[in-house]
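The values are calculated or read from the model by the stated rules, or taken from the named source; none is laboratory data. Everything numeric here is computed off the predicted structure, so don't read it as measured data. Cβ sites come from the backbone with ideal geometry, for glycine too, and all protein chains shown count toward neighbours. Note: areas computed on protein heavy atoms with side chains; ligands, DNA, RNA excluded. Shrake-Rupley method; radii C 1.70, N 1.55, O 1.52, S 1.80 Å.
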Amino acid sequence: MRTERPEHLSDDVTGDRSARRAVTVFPLLVLAAGALGLLFPGSFTGWGEAVPYLLGVVMFCMGVTMTPEDFRGVAARPWAVALGLVAHYVIMPGLGWAVAHLLHLSPQLAAGVILVGCAPSGTASNVVTYLARGDVALSVSVATVSTLVAPLVTPPLTLLLAGEYLPVDAGSMVTDILKTVLLPILAGVVVRLVAGRYVRRALPVLPWLSALTISVIVAVVVAGSADAIRSAAGMVFLAVVLHNGLGLALGYGAGRLGRLGEPASRAMAFEVGMQNSGLAASLATAHFSPLAALPAAVFSVWHNVSGSLTAAWLSRRGR
């Protein structure tokens, strides 16, 4: 749910309200979608095959919002971006594995939690960083790089950490991420370069299009495992809260240890603790089972709620 360069909105009350509204409404939309999938699973029968294409729409919207400044920001601060990237792909996969072992999750749920941890940064992380008065430029840079390297990093990490629970076809996963993440993002970047004047008019709509599309993905995922949710929901929720909460805390700690300063440390917290759970849900559905996608569906709701609350607390503390 990426917005157009929120760092330029620091003195814009309208932009601040728009960002807050988007981050507040998004988890409510996802929660409502999950409830629909749980109560009326038959309505989503056969929709599973559409999930990768729906994710492609979200990634295309992300690509359309990218500008050359995003990539120049990576080159301008290589140490901070590299630290954020390493922290993201070390802390969250490791936490996913640790939480799965600590809670003695079933193989399907354990693989799903680990896959969430191996996903790139969440699509709403830069908006939440903005609300927390964090370093938005760093947030955008880390989110961009973590997403672009996902085809090379997510599959081998999943194989390494989740392979003890379920068979993992890393090669097929690389292909799926290329098709559903990298290609749509590149297509969005090209469209922005070719038709930037027209694209800018549509930018306010893109976050809402992404939010609605992710909500549909959650509804489909929940519907596919509706019978299992009633018995496993409590344990999955506990796993997600632990995974996300520890990720936020350790991400902030990594920024402080790296001496990046308070605003950058806030950005690190959200870039580490918030995941692209839509991608995790899509991969879990395609490579494991609908039940394995359940942690990603719950994460989609919770990390936006926890991120918004954490951002509000940090923003108030910053004043």
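Of everything in the range 283-301 that is polar (S, T, N, Q) and open to solvent by 10 Å² or more (accessible area, probe 1.4 Å), the residue that is farthest from the chain's Cα centre (by Cα) is S289. Scanning the range 85-117 for residues that are assigned to a helix (DSSP H, G or I), over 19 Å from L283 (Cβ atoms) and of a type in the set (A, V, I, L, M) returns L85, V86, A87, V90, I91, A98, L102.
Just one residue in the set V218, V222, V236, V241 is under 14 Å from L115 (Cβ atoms) and either surrounded by fewer than 24 Cβ atoms within 10 Å (Cβ to Cβ) or touching a residue at least 24 places away in the same chain (Cβ under 8 Å) (or both); that residue is V236. Among the residues that make up the range 26-38, is at least one of them farther than 30 Å from D135 by Cβ, assigned to a helix (DSSP H, G or I), of a type outside the set (G, A, S) and open to solvent by less than 30 Å² (accessible area, probe 1.4 Å)? Within the range 26-38 (the criterion being farther than 30 Å from D135 by Cβ, assigned to a helix (DSSP H, G or I), of a type outside the set (G, A, S) and open to solvent by less than 30 Å² (accessible area, probe 1.4 Å)), the answer is no, since none of the residues qualifies. Determine if the range 192-200 includes at least one residue that is touching a residue at least 24 places away in the same chain (Cβ under 8 Å), among the hydrophobic types (A, V, I, L, M, F, W, C) and crowded, with 21+ Cβ neighbours inside 10 Å. Scanning the range 192-200 turns up no residue that is touching a residue at least 24 places away in the same chain (Cβ under 8 Å), among the hydrophobic types (A, V, I, L, M, F, W, C) and crowded, with 21+ Cβ neighbours inside 10 Å.
Are any of the residues in the range 170-180 assigned to a helix (DSSP H, G or I), of a type in the set (D, E) and under 20 Å from S308 (Cβ atoms)? No, the range 170-180 has no match at all.
Tell me yes or no: at least one residue of the range 251-258 is open to solvent by 20 Å² or more (accessible area, probe 1.4 Å), without any contact (Cβ under 8 Å) to a residue 12 or more places away in the chain and touching a Ser or Thr at 6+ places or on another chain (Cβ under 7 Å). Within the range 251-258 (the criterion being open to solvent by 20 Å² or more (accessible area, probe 1.4 Å), without any contact (Cβ under 8 Å) to a residue 12 or more places away in the chain and touching a Ser or Thr at 6+ places or on another chain (Cβ under 7 Å)), the answer is yes, since at least one residue qualifies.
Restrict the check to the range 155-164 and report whether at least one residue is of a type in the set (G, A, S) and part of a helix (DSSP H, G or I). Yes: the range 155-164 contains one or more residues that are of a type in the set (G, A, S) and part of a helix (DSSP H, G or I). Kindly check whether there is at least one residue in the range 200-210 that is under 13 Å from T65 (Cβ atoms) and polar (S, T, N, Q). Yes; the residues of the range 200-210 include at least one that is under 13 Å from T65 (Cβ atoms) and polar (S, T, N, Q). If only residues of the range 42-77 that are in a loop (DSSP other than H, G, I, E, B) and among the hydroxyl-bearing types (S, T, Y) are counted, the one that is surrounded by the most Cβ atoms within 10 Å (Cβ to Cβ) is T67. The one condition from (1) open to solvent by less than 40 Å² (accessible area, probe 1.4 Å); (2) closer than 18 Å to S141 by Cα; (3) of a type outside the set (K, R) that L103 does not meet is (2).
The set of residues from the range 109-128 being of a type in the set (S, T, N, Q) and open to solvent by 10 Å² or more (accessible area, probe 1.4 Å) comprises just one member, T123.
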